[in-house]
Amino acid sequence: MNMQQHIGIVTRGISNIYTVKEGETSYLCRIKGKQLDTGTHEYNPLAVGDRVSFVITGTSEGLILERLERTNCFQRWNVKGKSNQTVVANMDLIVCVCSADSPPFRPRFIDRVIACSIDVDVMIVMNKSDILLTEDEFERFALYNKLGYTIRGVSALTGEGLDEFVSLLKGKTVAFIGQSGVGKSTLINRILDVEQKIGEISEKYNRGRHTTNYSLMIEGDDFTLVDTPGVREIQVPHGDPQRIAQSFPEFLEPSKKCAFDHCLHNEEPDCEVKRLLEQDKIHYDRYDSYLRMLASLDAKDPEWMGKSDQSRERYRNMDKHEQEEY
């Protein structure tokens, strides 16, 4: 066995077997001892994009010894595992892909993608831009631009807007996140001219069926893309609720005028965010989206936010579809 340590990047992980790339060479690796001490409790110890230390044990095999420190990650709550799951790490950009129709435009999904993107910029891309949005939908989409996010409209079908979009990816490692059916894999196919399985839209739910079953890093000419599994819904990771508040840029300046430090803009009195909400200076749907995320944290662990009975009751009174929108 070659005991010299190497540094590589995880490009894929399936059933505890990870593809680790060092330079132009890839190795199929397992974790040494089957468990990796990362210092945190997570659903998965490694994600695509993680930098790892490993030793080579064969011609194309190795053992992972350590996960190096992450600069950022996209992390969500794994319902079945009842723990946080890192989907990708060490990205330059998260691209949230949404669609104008089939599945319909869901801004609250975008809000949750932003909240799940920890210390990494988010770009919002509207695929199927040849389908017109309603006036309210367009207003909500344009709001992200006013809040400082880069937004783009593209069509994987016609190629509209793709050249400008691709120019923004140059020199970057970018992860694509989106609901099933929004055309995420189709968009990547068009950009990279590769073939991946494309799913049909489920007419019953007007949502997509899962086609990409695992995250996969793909090399482009001047950029690297990561395709991630499409999901019906996404839940924010369990952790400090302040992190959720910080993912709403329109709250940042007003929060300095709140009566309480670390105000969560929920039940606290003399809250500047709620005052601006009453004056229509903060979008009501964004604020409601924020409250739903807070309530979802409370529902996962009732002790996390203490005596927030109002938030718990709000969650319990929602029907199943509304709870999925968390």
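Brief remarks on what is shown
- Within segment 277-288, considering residues that are open to solvent by less than 60 Å² (accessible area, probe 1.4 Å) and either of a type in the set (D, E, K, R) or farther than 14 Å from LEU147 by Cβ (or both), the one farthest from the chain's Cα centre (by Cα): LEU277
- Residue check for THR186: open to solvent by 70 Å² or more (accessible area, probe 1.4 Å), of a type in the set (Val, Ile, Thr) and at negative phi: no
- Considering residues of segment 36-68 that are polar (S, T, N, Q) and more than 20 Å from THR228 (Cβ to Cβ) only, the residue least open to solvent (accessible area, probe 1.4 Å): SER53
- If you go through segment 274-306 and keep only what is farther than 21 Å from VAL236 by Cα and either modelled with pLDDT under 95 or out of contact with any His (no Cβ under 7 Å at 6 or more places or on another chain) (or both), you end up with ARG275, LEU276, LEU277, GLU278, GLN279, ASP280, LYS281, ILE282.
- Any hit, segment 206-223, residues being crowded, with 17+ Cβ neighbours inside 10 Å, over 15 Å from the mean Cα position of the chain (by Cα), among the hydroxyl-bearing types (Ser, Thr, Tyr) and modelled with pLDDT of 90 or more: no
- Positions within segment 30-54 being part of a strand (DSSP E or B) and either at pLDDT 95 or above or small (Gly, Ala, Ser) (or both), in sequence order: VAL48, ARG51, VAL52, SER53, PHE54
For every residue, the table says whether it meets (1) open to solvent by less than 30 Å² (accessible area, probe 1.4 Å); (2) small (Gly, Ala, Ser); (3) at pLDDT 95 or above.
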residue	(1), (2), (3)
ARG243	no, no, no
GLU272	yes, no, yes
MET318	yes, no, no
GLU325	yes, no, no
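- Out of ILE94, ILE118, ILE114, sole residue that is of a type in the set (Val, Ile, Thr), closer than 18 Å to ILE188 by Cα and either within 13 Å of the chain's Cα centre (by Cα) or at pLDDT 95 or above (or both): ILE94
- Helices (runs of 4 or more DSSP H) contained in segment 233-300 and holding at least 2 residues aromatic (Phe, Trp, Tyr): 284-300
- Contact map, segment 239-265: residues that are farther than 21 Å from SER117 by Cα paired with residues that are open to solvent by 80 Å² or more (accessible area, probe 1.4 Å), Cβ distance under 6 Å, separation 6+ or inter-chain. Pairs shown: ALA259/ASP270.
The values are calculated or read from the model by the stated rules, or taken from the named source; none is laboratory data. None of these values were measured; they are calculated from a predicted model. All Cβ positions, even for glycine, are placed from backbone atoms using ideal geometry, and neighbour counts span all protein chains on display. Note: areas computed on protein heavy atoms with side chains; ligands, DNA, RNA excluded. Shrake-Rupley method; radii C 1.70, N 1.55, O 1.52, S 1.80 Å.
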